[in-house]
1. Per residue, how large is the accessible surface of segment 596-638? Use a 1.4 angstrom probe and give square angstrom.
2. Take every Cα pair under 8 Å in segment 309-352 that's 6+ residues apart, average their separations, divide by the length, and report that relative contact order as a whole percent.
3. What number in nm² do you get for segment 476-536 if you take the convex hull of its Cα atoms and divide its surface by four?
4. Taking 51 Å as R0, compute the FRET efficiency from the Cβ-Cβ separation of ALA554 and LEU630 and round it to 0.05.
5. Taking R0 as 25 Å, what FRET efficiency do you get between LYS76 and TYR103 from their Cβ-Cβ distance, rounded to the nearest 0.05?
6. ASP310 to GLU110: extension gain in nm, 0.36 nm per residue of separation minus the Cα-Cα distance?
7. How high is the relative contact order of segment 190-280? Use alpha-carbon pairs under 8 Å, at least six apart in sequence, and give a whole percent.
8. Once label points are set 7 Å from the Cα along Cα→Cβ at both LYS269 and GLU493, what is their separation, rounded to one decimal in nm?
Amino acid sequence: MDNSDSKSQDDFFLLKLTEIIRSNFDNEQFGVKEAARIYGVSRSHLHRRLKKLTGKSVSQFIRELRLEKSMELLQKDMATVSEIAYSVGFHSPTYFNTCFKEYYGFTPGEAKIREHLEQQRPTAKKTDTPKLLMTIVLGILFLISLIGYFQYRGIWAKSVNSTPTTSPLPSSHSSKSILVLPLKNWSGDPKLEYISDGMTDAVISRISEIREMDRVVPFTSSLQFKNSEINMPELAKKLNVFYILEGNFQKHGSQFKINLRLNDGPLNKLLWSGSYSGEWKANEIFEIQSKVAENVATIMNVKLTDKDYDAFKGIPTKNEEAYNYYLLAQYQNNKYNQTSFKNAIPLYEKALDLDSTFIDPYLGLADIYVTGGAVWGMYGEQEAWKNAKYYLEKAALIDVDNMQLSDQLHIGKFYFDWNFEAVEHYVDDTYARIGADNWNENLFVDYYLKTGKYSYALSELNKLILEDPSYGWLFAIRASVIFFVSSTEEAIEELRQYDPLFMDDMFYLREAAKWYYYFGEYTASKEKLGQLMNIFADRPPIVVWLNALHYEMANNLEGVQESLTTLQKQFRDGSSGSPAWFMALYYCHIQNRQEVFNWLQKSYDNHEVEMTWLRAEPLLAPYRQDPRYLNLYYKMKFPVPPLTIPD
């Protein structure tokens, strides 16, 4: 076959595939599987051929065709943005906005405006001198008013504790996204590191409260770049932000000072710098945190509402000693390991002894018990949930509408109570009340995945990755969703491209080791498990189970027995981490049906967290029609029917 014949066949392939996709734009369920079925080839064949010709996956190819059609409709101004999103097959306007902006560099709303501006651009004509003079006069009056406004708000006015050292430069970025780097401790005392980190966390929290901010990198992600030598443009690209705030913190006796610089990240250009100083008293600490947030937002051209200003007035505690203990506790909590969690608990408690109306330590304690019970195996799962609920109930007496409180409460209801109905109502109510754009659903991605809402899970994951691409767990979980909705080949490709970026990320390594095993990539699974065990000393049940699998595949019976003995001991000791569940999964691996259900029943009786995987767990696919499986499934009251046909 000559080159012209080959090219002709390739052109026909692309033309036919494009026609198939375009004829299904209005079907939001249309994806790789449907495209392959209509074309008459396997998903893997379709993926390989398209990848060879275009360098794109099938799902990317479909998404880009949808986006190109949406641009055509937007420019014709035929409907609202939401209506156009649905008409080209996006199930969520929020996800459509994210994909559109990522592809074109501006929002769908801007696309409509740009088209109108092109159409309405005036032709040159003779200047009307009187009108021009009036315009200049009005412009001067407006400028005077604007300066007065800024002085009224205290944004650029010099004062005792807020001194700008450079005038703000205009910003050209339409996206209001910012990374606040950890403040450097210039106090001369390493023991005050917890205060500089705590002040950074507090400033991030204040900025995050501003409703019109597009994206604020969370403190836990920012902390990874403490003392980093990565330059501004690289940081901006890596974290998908335009603005980067950096600075230092100094505390001497009862006085403290913060020096800040706001930069245009991509251009590595200083936009503004300023200093804030005051006495280490609660009211001044929180006032300065608010001033920083307000000034930064204004320079970023973010419109502040009355609600934003009201939020700035909030003072969590009037007791600076309680605040000190809270900062110490947060410093430990943010290290995110078993030892630091244990260190944080008495510090939170001391903060509460000094001020029992201080809500943040209650939330910190609840967070430790939820995480310690569900992830680390520090406490029995029901004991952990009992303690967490105690602190959440205390917090509710102070502020029942606190969003962090509500999120933690319903995450606990999902993992520990298996109360799917309550979580369903909470998700629906929160969407209706504040909208998806104002709610970080990070905690609920797992819920969507385990209840078969794959499109919601994928939409939210894409949004979260765009907001915080430094969080490795998100990429590993996205690969698992791709596995469920598309193909194993695409899921493997998803993991492989991010493996080099997260070689020291505990949660990524753990999830990657598990999902590589499910994908049949046993060598990659073993490699990730080895990296995990070499870097991190903790051996929760999931790690012990993965070890057992690889020992069995290597015919190392001694290693298998040692791993199973460890899991059984963890089960007898009431450890969290769901040891009975992982015993059941081991027996799935060796296809021992009787032991699978023996240990599943024990996992159910112990109310283990991992039982929430009952519907989606790939290893249970061959058992989904077994009456014993269905009996457990219906007793757990999943909100959707079981997957009775094996995947």
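1. On the way: 1620 Å² over 43 residues.
Normalised by residue count, the accessible surface of segment 596-638 is 38 Å².
2. Numbers: 29 pairs, mean separation 18.6, N = 44.
Computed value for segment 309-352: 42 percent relative contact order.
3. Numbers: hull surface 13.7 nm².
So the mean shadow area of the Cα hull is 3.4 nm².
4. Working: r = 35 Å, r/R0 = 0.69.
So, using R0 = 51 Å, E works out to roughly 0.90.
5. Details: r = 19 Å, r/R0 = 0.74.
Between LYS76 and TYR103 the formula returns 0.85.
6. Numbers: separation 200, 0.36 × 200 = 72.00 nm, distance 3.04 nm.
Fully extending the segment from ASP310 to GLU110 adds 69.0 nm.
7. Numbers: 104 pairs, mean separation 17.7, N = 91.
The value is 19 percent.
8. 3.8
The values are calculated or read from the model by the stated rules, or taken from the named source; none is laboratory data. Not measured: the values here are computed from a predicted model. Here Cβ is always computed from backbone atoms with ideal geometry, including for glycine, and neighbour counts include all displayed protein chains. In case anyone asks, the SASA skips ligands and DNA or RNA and just uses the protein heavy atoms, side chains included. Shrake-Rupley method; radii C 1.70, N 1.55, O 1.52, S 1.80 Å.
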